[in-house]
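The values are calculated or read from the model by the stated rules, or taken from the named source; none is laboratory data. Note that the coordinates shown come from a computational prediction; the quantities given were computed from them, not determined experimentally. Cβ coordinates were reconstructed from backbone atoms using ideal geometry, including for glycine residues, and neighbour counts include every protein chain displayed.
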Amino acid sequence: MKEAMTHKERFMAAVNHKEGDRVPLCMDAEADVWPKLSKALGVKNKEACYKALEIDEWMLDPHVTDPRRKTLSEDESVSQWGYHVCRKETEFGYYHDICKPPIKGEELTLEEIDNHDWPDFSLIDFDHYDQKMAEMGNRAYISHITHGPYFNCTFIRGMENFLMDIAMNPELAKRMMDRAELYIQGAIDNLLNNARPLPDVYYIADDFCSSGGPLFSPITWREWVKPYLTRIGEKVHAKGVKFMIHVCGSVRPYIPDLIEAGVDILEPVQTTAVGMSLQGLKKDFGNDITFYGSIDTHHVLPKGTKQEVEDAVKRTIDIMAPGGGFILGPAHTYIQPDTPIENIITMYRTAAEYGRYK
């Protein structure tokens, strides 16, 4: 066995395509999962769950002081972008869904874009980073500020309306994305200039794929999205920070572009989506991008037996671990509330033991 590493050393070795002492582990879950998981592990909270399961990363959000962000009730809030977030109950837990887009109507207009009450990137701070890092220890720290320009525009307009805007009124749709990017680039500058210490990874979510493939024209994607991803990558790399992107679904057609744009880590790896075979991903891209996730959250984790979970973890490690470039966790950012707690614990304890490099 290799000499033991810190969480950060292990995580960053994988991102740099090296084999550490074991495969690093990542995790997040819907809110209803944490009390049940804490009880099963005999600990108090999410932070203690991370420590008990030997998770190697921790995600940091900024403090948002923008007055556009408001809590309206127990069940509803408004983001700094102007869209609402509403609590939705289900038979097995609750979710926070995006609702009430602030720019409505069937047709987007220039006046609506210009008159929208856009957020202020100076009204965020990172003063809590040092305290949280001291609490969570020597982990890899991932900074999330907001979503990508495309994704935020789908929230501001509603996804159906914004996809129609791209098809029917591309000049205005592009202008709206450019305006969203102004905030994001300013927020990254704020982070890089003021966060002390700096995070190890900068993260955005920009869901431009479905389980069957891209949501809009690859030509448009390469003209609009790839350039801003490249700008983000260049900016964070100049400060020694890695770049991680969340894209659910069938993102394989864009992986060469993501690599060219400077993306270091792809999260998650939705193995049930078209083209997302682990063997193919590792063979074709394993030397150039780090894969983060991969244990199926549609079938194996919520519906499988403990043995099936254990087998899936071992099979995944056998395929993805050689040479580094792999961080094990769920195939979607958030483990869902209908997932048996014993399956979650089995996933991480199996990975921590079986994932040791010789």
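Brief remarks follow.
- In the range 116-134, the residues that are hydroxyl-bearing (S, T, Y) reach residues that are surrounded by 17 or more Cβ atoms within 10 Å (Cβ to Cβ) and assigned to a loop (DSSP other than H, G, I, E, B) with C-beta atoms within less than 7 angstrom, at least six apart or across chains, in these pairs: Y129/A195.
- One residue alone among K51, K132 is in contact with a Leu (Cβ under 9 Å, 6 or more places away or on another chain) and within 27 Å of R349 (Cα to Cα), and that residue is K132.
Let's see how each residue does on (1) aromatic (F, W, Y); (2) modelled with pLDDT of 95 or more:
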site: A195; (1), (2): no, yes
site: Y202; (1), (2): yes, yes
site: A205; (1), (2): no, yes
site: S217; (1), (2): no, no
site: W221; (1), (2): yes, yes
site: L229; (1), (2): no, yes
site: V251; (1), (2): no, yes
site: E260; (1), (2): no, yes
site: L266; (1), (2): no, yes
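- Screening E107, E111, E135 for residues that are in a loop (DSSP other than H, G, I, E, B) and either farther than 14 Å from A180 by Cβ or of a type in the set (V, I, T) (or both) leaves exactly one candidate, E107.
- Flag if I142 is closer than 27 Å to C248 by Cα and either acidic (D, E) or out of contact with any Gly (no Cβ under 6 Å at 6 or more places or on another chain) (or both): yes
- Here Y83 clears all of (1) in contact with a strand residue (DSSP E or B) (Cβ under 8 Å, 6 or more places away or on another chain); (2) of a type in the set (F, W, Y); (3) surrounded by fewer than 16 Cβ atoms within 10 Å (Cβ to Cβ) except the condition numbered (3).
- The set of residues in the range 160-202 that are within 19 Å of the chain's Cα centre (by Cα) and either surrounded by fewer than 17 Cβ atoms within 10 Å (Cβ to Cβ) or β-branched (V, I, T) (or both) comprises I184, Q185, I188, V201.
- Residue count for the range 35-65 satisfying the condition of being part of a loop (DSSP other than H, G, I, E, B) and either touching a His at 6+ places or on another chain (Cβ under 9 Å) or crowded, with 16+ Cβ neighbours inside 10 Å (or both): 7.
- Annotation: of all residues in the range 222-251 being hydrophobic (A, V, I, L, M, F, W, C) and more than 18 Å from the chain's Cα centre (by Cα), the one that is farthest from D288 (Cα to Cα) is W224.
- Scanning the range 310-345 for residues that are at pLDDT 95 or above, of a type in the set (V, I, T), in contact with a Pro (Cβ under 9 Å, 6 or more places away or on another chain) and not in a strand (DSSP E or B) yields a total of 2.
- Only one entry of E91, E74, E112 meets the criterion of being of a type in the set (D, E, K, R) and surrounded by 14 or more Cβ atoms within 10 Å (Cβ to Cβ), and that entry is E112.
- Each residue in the range 255-294 was checked for being hydroxyl-bearing (S, T, Y), touching a helix residue (DSSP H, G or I) at 6+ places or on another chain (Cβ under 7 Å) and at negative phi, and 2 of them qualify.
- S122 falls short on exactly one of the conditions (1) of a type outside the set (A, V, I, L, M); (2) in contact with a Phe, Trp or Tyr (Cβ under 7 Å, 6 or more places away or on another chain); (3) not in a strand (DSSP E or B), and that condition is (2).
- Selection within the range 300-333 - out of contact with any Gly (no Cβ under 8 Å at 6 or more places or on another chain), closer than 14 Å to M347 by Cα and of a type outside the set (A, V, I, L, M): P302, K303, G304, T305, K306, Q307, E308, E310, D311, K314, R315, T316
- For the range 253-299, the tally of residues that are in a helix (DSSP H, G or I), among the aliphatic types (A, V, I, L, M) and touching a residue at least 40 places away in the same chain (Cβ under 8 Å) stands at 1.
- Exclusive hit being over 24 Å from A352 (Cβ atoms) and at pLDDT 95 or above, set F121, F92: F121
- Search result, residues across the range 77-95 that are over 20 Å from W118 (Cα atoms) and without any contact (Cβ under 8 Å) to a residue 40 or more places away in the chain: C86, R87, K88, E89, E91
- Of all the criteria given as (1) crowded, with 23+ Cβ neighbours inside 10 Å; (2) hydroxyl-bearing (S, T, Y); (3) more than 30 Å from E260 (Cα to Cα); (4) without any contact (Cβ under 8 Å) to a residue 40 or more places away in the chain, the one not satisfied by T339 is (4).
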